[in-house]
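Bear in mind these aren't lab numbers, they're just calculated from the coordinates by the rules spelled out. Keep in mind that what you see is a predicted model, and the values were worked out from it rather than measured. Here the Cβ positions follow ideal geometry from the backbone for every residue, glycine too, while neighbour counts run over all protein chains shown.
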Amino acid sequence: MPAEGAAVHGIRPVPDTGAEGPAWSEPRHYRVGPVPITLNCDVPGVIREFHACYHRYEIDLPPPDAFRVEVMSRRSRRSLRKYHHILGNGEQLFVTRRPDEIMPHVEWAINSLVARFLPGYLSIHASCVARAGRGVIFPAEPGRGKSTLAAGLLAAGWSYLSDEFALFDLRTGLLVPYPKALCVKAGSFAALEALGLPLQGAPVHHKRYKGRVAIVDPFAIRGDVVAGPCPLTAVIFPRYVEGAAPRLEPISRARAIFELTRVSFNFPKYRARGFELLADAVAEAECFELTAGELQATVRLLDAALATEPATGRQTG
Amino acid sequence: MPRARGSMRFRVFDGEAVIYDNAHHAMHYLNTTATLIWQCCDGASPVEDIARRFAADCGLYGDDGPTMNRVREDVARTLDELARHGLIDMPRECD
């Protein structure tokens, strides 16, 4: 195992966050897809890195509905050690002493706010990509390899919607892009680099429960990587099994809808409306369980399996 | 006689049902067998009729022997399950 801060597969460690730099900068505002964000941070290195990932989405005026994420560094009165407090909409979500934990936890704080409060969208815990205007989602709980799969497919030429949220627009039923930075676990670096993902410039951070992660700007993959709103054409429930031959097994649409409601962040908020939206979307999609093994082979399997137009389900009732 | 509850939103895809219970905010997924039986719960058909319709759907016409008895038991058990999950009302007189 490399020592803390050492490069992993040539990826540079998190730079000096400048934690001793200027005490406070002006808040910066962004709108990433449908997600409005105001970042107020007193750690210049974090601001720089966040801005490097999201500068395309910067806006001048604070959105009135913005999710407010603050990073405040304070010394403990008792120990005099410096702690970084990460707040979402004024509520303290994380406290860390490690500068290299700040950026992933800023991302985590935004995710938490999106999951709880983003209006107008039915949100599913899923990574989400597209090809030729057709959306594919990988719904899963953490640790099932959905972000790695999405990153692998992007490297293979697919387009990006999100690595954490499938957002269904309640008005149109379409999947909308929320092209947040990709969060890639250290265990996937080598496989993704082998597929050509440009991880070399991405700083490595530490994320609780996940260990070392790289935060990757999707535009570093290619300039036109982000897809527009698109219909759902495949629902694939992934499960990573080390050393397994990748396998795709069809499941029924009824079961897929049932499982999707279990990994939805806000299905209880929309109830019957959410049910109808999901049922309409999945009626036009193919549904599978994926045993994901070696990444390159898994990407090849998905590439081949999803090359054709999906058949619509025979629906009654 | 068993009757499917009215507060449900549902879709049936390829013989399998996914049901949203609006009143209790619960989701249910039924396999093809349970879906077939649930769809027979129209409030007008007694359990015996449901069992016979189910048997006919399974290709068991005119069989009153042990196979039909097993079908009756399976249908009764499924109806109990559906009632236990609040998907049907099963008034006492239908027992």
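Before moving on, here are some points about what is shown:
- Average partner coverage of B:15-23, which counts Cβ from other chains inside 10 Å: 6
- Compactness of segment A:22-119 as Cα Rg over 2.2 N^0.38 Å, two decimals: 1.05
- Once the gyration tensor of the Cα atoms in segment A:131-286 is diagonalised, the equivalent ellipsoid follows with semi-axes of 27, 17, 15 Å, ordered largest first.
- If both residues of a DSSP beta bridge must be in chain A, then about 75% of such bridges are antiparallel.
- Anisotropy class of segment A:214-270 from Cα gyration tensor, a/c 1.5 cut: oblate
- Approximating the spin labels as points 7 Å out from Cα along Cα→Cβ, the A:Asp303-to-A:Ile59 distance works out to 3.8 nm.
- Zone residues, segment B:1-40, relative to B:Asp89, backbone N less than 19 Å from point 7 Å out along Cα-to-Cβ: B:1-10, B:20-26, B:38-40
- Alpha-carbon Debye profile of segment B:3-88, log10 I(q)/I(0) at 0.13, 0.15, 0.22, 0.23 Å⁻¹: -0.41, -0.54, -1.04, -1.12
- Cα-Cα pairs of chain A separated by more than 25 Å (percent): 50 percent
- Pair B:Asp80, B:Ala23: separation of 7 Å Cα→Cβ label points (nm): 2.3 nm
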